[in-house]
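J.: Below is the structure I would like to discuss, written out as C-alpha cells.
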C-alpha cells in the first residue's frame, strides 16, 4: 500500500499514514502471521499440518475481528471455525486415510498456472482496493460497533426472517449430509444384490463398484472398492444403468440379506 | 485505522485461497482453501461494516449479519462437502480430484480403454448375478 503524496496531504490533518497507531501496528503484525499461516496451509505437503496451520489462520482472523471491535463475530469465528470446521476437516482427513507425513502429490501439475492466476488476481485486487480506499479511515473510538448487544439487536430486529431461513438451511444441510452418508453405507452393506424394487431404484451410481466385485467377499467388506484401488478407475457412470436392476430379482439370498438393514 | 489494512489483508487471503483451490489435488485441501476464501470475504464484510456504522451512521449492521450468515453457510458447506468426499472415497478409494474424470470429454486419457475395461466387468457383474 503506497498512497501518493496527494492522498497523504488530504488525510494528514487528522491521521498520519506514516505514524500508525497502536491498533494498526497490532493489526499489521497479526495480519502478517495470518497471511503466513495461510500460505503454509496452501503450500505444505503434509496434509494434517495444512489443517493445523488453518487453525492459526482462522485464529488470527478472530484476533483481527477483535481489533476491529467486532467481538461477537470473533467468538463465533473461534467457536464455529476453530472449534468445529477444523475438527470436521481433520476427521475427513482421517477417514480418507490421508498419508501422515509428506505426500509428494499434494500439488497438482498446474501449479504454475495457479500461481500466475493467483498473483494476477492479488495484484489487481490490491491495486484497486488501495486506490479506492487510500483516504478512508475507520473510526474505532466510541462504543464498539460489533458488540454483542449491537449485533443481537440488529440481528433480531432487522434480520429475523433471513435468520429463520438460515435455520431451515442448516436443517437441510443436516438431512443432506445424513442422506449422503447413509446411502453409500447402505449400498456397501447390501451389496450382494439384496433389495426389493424400491431400494434398487434408489441406488444408482454408488452400486457400480460393488456390482463388479465378486460376491463371496461381500459380507466382510463394508467398503469393497476401498480395498482394491486398481479397480477404482474402472466403473463409468453409465455402467450402473444397465446392471443396477439386474442383480436384484435373481439373487436367491435376497430376503435374508435384507433383514438386518 | 486505515481501511486499506483489512482490505489488503482480505485480498491477500482470498488470492491465497484461490491458489489453493487451483493447485491442490486432495479434495479436503481444496475445501480448506475454499474456507480461506470465505474467511477473506468475512473480514471484508466486518471491516466495511465497522467503517460504515461510524461514517454513515448505519445501524442496520448488515455486514455483521451477512458475516454470521456466511459463517453458517460455510459450516453447512463443509459438512455437505465432506459427506460427498467421503462417499466418493468409499466408492472410488481415492479423494484425488485429478482422478475423478468420468464426466471429462478428453479422448486421450479416459476414452477407449476406459470403455473397454468397463465392458467385461459389466458382463461379469451380470454373470455373477
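J.: Assuming 0.36 nm per residue, please report the length gained on full extension of the stretch residue A:182 to residue A:32 beyond their Cα-Cα distance.
T.: 49.7 nm
J.: Assuming R0 = 51 Å, can you tell me the calculated FRET efficiency for the pair residue A:105 and residue A:148, based on Cβ-Cβ distance, to the nearest 0.05?
T.: FRET efficiency, residue A:105 to residue A:148: 0.65.
J.: For residue A:87 and residue A:164, FRET efficiency with R0 = 25 Å and r from the beta-carbon atoms, rounded to 0.05?
T.: It comes to 0.40.
J.: Using only the Cα atoms of region B:4-101, construct the convex hull and provide its projected area averaged over every direction, in square nanometres to one decimal.
T.: That works out to 6.7 nm², a quarter of the Cα hull's surface.
J.: Using only the alpha carbons of region A:5-139, determine the length spanned along each of the three principal axes and report them from longest to shortest in whole angstroms.
T.: Its Cα atoms span 59, 37, 18 Å along the three principal axes.
No lab work stands behind these numbers, since they all come straight from the coordinates. Here the structure is a predicted model, which is why all the values come from computation and not from measurement. For neighbour counting, all protein chains shown are included, and Cβ atoms are generated from backbone atoms with ideal geometry for every residue, glycine included.
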